[in-house]
Amino acid sequence: MTKIKKEKAPVDGEEAAAAAADGTEKSYQELIANMNPIAQPLASKKLSKKLYKCVKKAAKVKNIRRGVKEVQKFINKGEKGIVVLAGDTMPIDVYCHLPIMCEDRNMPYAYIPSKGDLGSSAGSKRPTCVIMIKPHQDYQEAYDECVEEVSSLPKPL
């Protein structure tokens, strides 16, 4: 039996990094085209930028939870914060239970279009499908503004 050598397909984050290096970043509309059908409530372009900035500030003081397992664990423990989910994560089964957990605990959550952008805003080279931003006095004003806007987004039925 002979082994067939497979070529490694580029990961979404690698494509995003390559696009950023070329100067051909995808627009908000192009990113929305690749979203999951469950990605509701979706943050507007303006709110997405605010969330990215808040994630960046929280990452500087190491006040974020990153990844499905870690975010799920701390939601269960009752930790408070804003949950930011990437709408282009496939398969959906990876994180489709998190919005229900957030609703059960009255936590604000929103989807943003790109896991590559979410990962890079957290200071990582890898794409990230979910991040929890915890409150902190260093960026409290930005955090409160994001909580207010995310909470006012219409929830799916």
Subject >> Some residue of region 87-99 being in contact with a Lys or Arg (Cβ under 8 Å, 6 or more places away or on another chain), farther than 14 Å from residue 155 by Cβ and among the β-branched types (Val, Ile, Thr) >> reply: yes
**OP:** Determine whether region 30-48 contains at least one residue that is basic (Lys, Arg), at pLDDT 50 or above and either at positive phi or in a helix (DSSP H, G or I) (or both).
**Re:** yes
**OP:** State which residue pairs qualify: first residue among the aromatic types (Phe, Trp, Tyr) and inside region 130-143, second residue part of a helix (DSSP H, G or I) and surrounded by 12 or more Cβ atoms within 10 Å (Cβ to Cβ) in any location, beta carbons under 7 Å apart, and separation of 6 or more residues or different chains.
**Re:** 139/54; 139/57; 139/58; 143/54
Original post:
Taking region 77-99 as the search range and keeping residues that are at pLDDT 90 or above and of a type in the set (Val, Ile, Thr), which one is farthest from the chain's Cα centre (by Cα)?
Top reply: 82
**OP:** Determine whether residue 13 is at pLDDT 50 or above and either surrounded by 15 or more Cβ atoms within 10 Å (Cβ to Cβ) or within 19 Å of residue 122 (Cα to Cα) (or both).
**Re:** no
Subject >> Answer residue from region 31-65, given it is among the β-branched types (Val, Ile, Thr) and surrounded by 19 or more Cβ atoms within 10 Å (Cβ to Cβ) and is nearest to the chain's Cα centre (by Cα) among those >> reply: 55
**OP:** Kindly indicate which of 75, 82, 64 is more than 17 Å from residue 151 (Cβ to Cβ) and either hydrophobic (A, V, I, L, M, F, W, C) or free of Cβ contacts under 8 Å to residues at least 60 places away in the same chain (or both).
**Re:** 64
**OP:** Select the helices (runs of 4 or more DSSP H) contained entirely in region 66-157, then report the ones holding at least 2 residues which are touching a strand residue (DSSP E or B) at 6+ places or on another chain (Cβ under 9 Å) and surrounded by fewer than 15 Cβ atoms within 10 Å (Cβ to Cβ).
**Re:** 68-76
**OP:** With respect to residue 3, determine if the residue is basic (Lys, Arg) and modelled with pLDDT under 80.
**Re:** yes
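The values are calculated or read from the model by the stated rules, or taken from the named source; none is laboratory data. Not measured: the values here are computed from a predicted model. A quick note on method: Cβ atoms are made from the backbone with ideal geometry, for glycine too, and the neighbour counts reach across all protein chains shown.
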